[in-house]
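Asks: First the structure, then my questions, so here it is.
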Amino acid sequence: MKITGFETAALNVPEDEPLANMPEEDGRTRPVVTLRLRTDAGIEGLGVTFYGGKMSRSLKVAVEELAELTVGEDPLRIEKIIGKLRDGTGDACGPGGIFTLAMSAIDIALWDIKGKALEQPLWKLLGGHRDRVPTYASGALRRGLTDDQAQEAASRLIAKGFNQMKTQMALPGNPTPADEVRRVQVIRDVIGPDVKLMCDINQRWRPEQAIDIGVRANDVGLFWLEDVTAADDFQGLARVRDALSTPIAGGEYLWGIAPFRQMIEARSVDVPMIDILRVGGVSQWMKVAGMAEAFNLPVVSHVMPEILCHVIAACPNGLTVEYMPWMLTLFEETPAIENGELVLPTTPGLGLKFDEKAFALYKA
Ligand SMILES: [Mg+2]
């Protein structure tokens with residue numbers, strides 16, 4: 001089998017909040033680049049990438065320039081192709097940034113092709129540890145809400161059947177530590193003691209602040225505290241982790257696989273979180289999962305549940321899938337949630353089809 005061509009699209013996807021209907025700002029959109037990688041066997045692989053922001057046109061061109069290098073190659077030889085992409089672009093635009101975001105779209109499409117060629121769903125091809133995975137609602141309980149709105153959103157998520165959900169601290173304005181703790185406590189009051197509640201700080205605290213507020217929030221029973229300080233401050237994170245009994249999650253901001261080695265060796269986190277676009281695609285995601293397993297650590301995914309459910313289901317240390325609904329409307333159908341778990345597809349590859357109607361609507 002040979003890769004024969006490709007097609008990309010630039011889309012502006014609405015930043016709706018369908019889980020609890022709490023949009024941050026009406027009409028705001030997120031730029032996304034999509035890829036279809038075509039083969040002489042008639043099999044087409046799908047890829048998606050984003051985080052390009054104001055450089056999203058450059059990201060689209062980067063995907064196209066890398067995709068050109070794949071034409072004529074055997075799509076089942078993924079590491080050979082990734083090596084060719086690295087060699088073909090030198091050090092001019094890597095190892096992080098746009099190069100990796102573009103390479104990840106290609107790697108995802110190659111794995112979709114491999115699954116379709118071997119007639120297996122991706123989660124089975126990668127290890128097939130289980131066919132359902134826990135998932136948590138994300139993006140609905142943001143820091144910008146009032147306490148009342150946060151409680152309203154949390155009860156909507158419960159009504160939808162979620163038994164895991166994520167909120168945020170590092171509230172806007174000048175919150176006192178007591179204000180911060182009150183926010184997670186009012187949500188806990190609504191959801192009860194048994195629902196898993198995660199909390200993201202998005203790198204906004206100093207390590208000493210994280211320790212102070214983390215200790216005060218101990219009785220709320222958070223499932224994890226995420227990105228409590230600068231993501232590459234591995235020593236600062238380790239200091240926070242040592243001081244708190246609440247597990248510390250982090251890793252979504254790291255590029256490639258090597259920083260995960262540093263982060264894990266420094267004992268910075270209890271729960272490595274791997275972003276598929278920043279790490280370099282499915283291939284690199286699975287390598288970090290294996291690295292974490294050797295350190296007796298679980299792994300969790302970051303955004304795109306319709307794709308990341310496959311890698312979490314594949315590996316024995318996959319803990320839960322972030323159900324962030326950013327990209328769901330790009331596809332005709334996405335995995336269903338039953339009893340708080342994502343049901344993995346039985347169709348080959350990613351089991352996803354782009355929705356042509358959405359593409360026409362979102363065209364940039
Ligand atoms: Mg996060």
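Nothing in this text is a laboratory measurement; each read-out follows from the coordinates by a stated rule. Since we're looking at a predicted model, the values are computed, not measured. Cβ atoms come from the backbone with ideal geometry, glycine included; neighbour counts cover every protein chain shown.
Asks: Lysines near Lys160 by alpha-carbon distance under 26 Å, same-chain residues fewer than 8 away left out - which ones?
Replies: Partners found: Lys196, Lys353.
Asks: So for the stretch 242-285, considering every pair of alpha-carbon atoms, how many percent are separated by more than 17 Å?
Replies: 30 percent
Asks: For the stretch 12-127, just say rounded, prolate or oblate: build the C-alpha gyration tensor, square-root its eigenvalues into a ≥ b ≥ c, call rounded for a/c under 1.5, and beyond that prolate if a/b exceeds b/c, oblate if not. It would help to have the intermediate numbers written out before the result.
Replies: Details: a/c = 2.35, a/b = 1.35, b/c = 1.73.
Since a/c reaches 1.5 but b/c is at least a/b, the shape of the stretch 12-127 is classed as oblate.
Asks: Treat each spin label as a single point 7 Å out from the Cα along the C-beta direction, and report the Gln185 to Glu356 distance in nm.
Replies: Using points 7 Å along Cα→Cβ, the separation is 5.6 nm.
Asks: Report the net charge of residues surrounding Leu125, where surrounding means a beta-carbon distance below 11 angstrom and charges are Lys +1, Arg +1, Asp -1, Glu -1.
Replies: Once all neighbours under 11 Å are counted, the net charge is +1.
Asks: Can I ask one more? Using Cα atoms only, what is the angle between the long axis of helix 78-89 and the major principal axis of the chain, expressed in degrees (0 to 90) to the nearest 10?
Replies: Between the helix axis and the principal axis of the chain, the angle is about 90 degrees.
Asks: Rounded, prolate or oblate: which one fits the stretch 123-343, using the alpha carbon gyration tensor with axes a ≥ b ≥ c (rounded when a/c is under 1.5, else prolate when a/b beats b/c, else oblate)?
Replies: Oblate.
Asks: I would also like to ask the following. Beyond 21 Å between alpha-carbons counts as too far, so tell me which of Lys114/Lys287; Lys60/Lys166; Lys54/Lys287; Lys80/Lys287; Lys2/Lys287; Lys2/Lys363 fall in that bin.
Replies: Lys60/Lys166; Lys54/Lys287; Lys2/Lys287; Lys2/Lys363
Asks: About the Cα centre, and with charges only on the beta carbon of Lys, Arg (+1) and Asp, Glu (-1), how big is the dipole of the stretch 273-364? Nearest 20 debye, please. Before the final figure, lay out the partial values.
Replies: Details: 5 positive and 10 negative charges, 64 e Å.
About 300 debye.
Asks: Please list, by residue number, every one of the trypsin sites (Lys or Arg not before Pro) in the stretch 201-245 that is coil in DSSP and has at most 16 other beta-carbon atoms within 10 Å.
Replies: Hits after loop and neighbour filter: nothing returned.
Asks: Next up: What's the exposure ranking of Leu225, Leu237, going from fewest to most Cβ atoms within 10 Å?
Replies: Numbers: Leu225 28, Leu237 24.
Going from sparsest to densest Cβ surroundings: Leu237, Leu225.
Asks: Related question: What list do you get for Tyr136, Tyr51, Tyr323, Tyr253 if you sort them by fewest beta carbons within 10 Å?
Replies: Listed from fewest to most nearby Cβ atoms, that is Tyr253, Tyr51, Tyr136, Tyr323.
Asks: Arranged by the count of other C-beta atoms within 10 angstrom, fewest first, what order do His302, His310, His129 take?
Replies: Neighbour counts put them in this order, fewest first: His129, His302, His310.
Asks: Which distance in nm do the two modelled labels at Asp194 and Arg28 give, with both placed 7 Å along the Cα-to-Cβ direction?
Replies: In this crude label model, Asp194 to Arg28 measures out at 3.5 nm.
Asks: Counting DSSP beta bridges with both partners in the chain, what percentage is antiparallel, nearest 5?
Replies: In the chain, approximately 50 percent of DSSP beta bridges are antiparallel ones.
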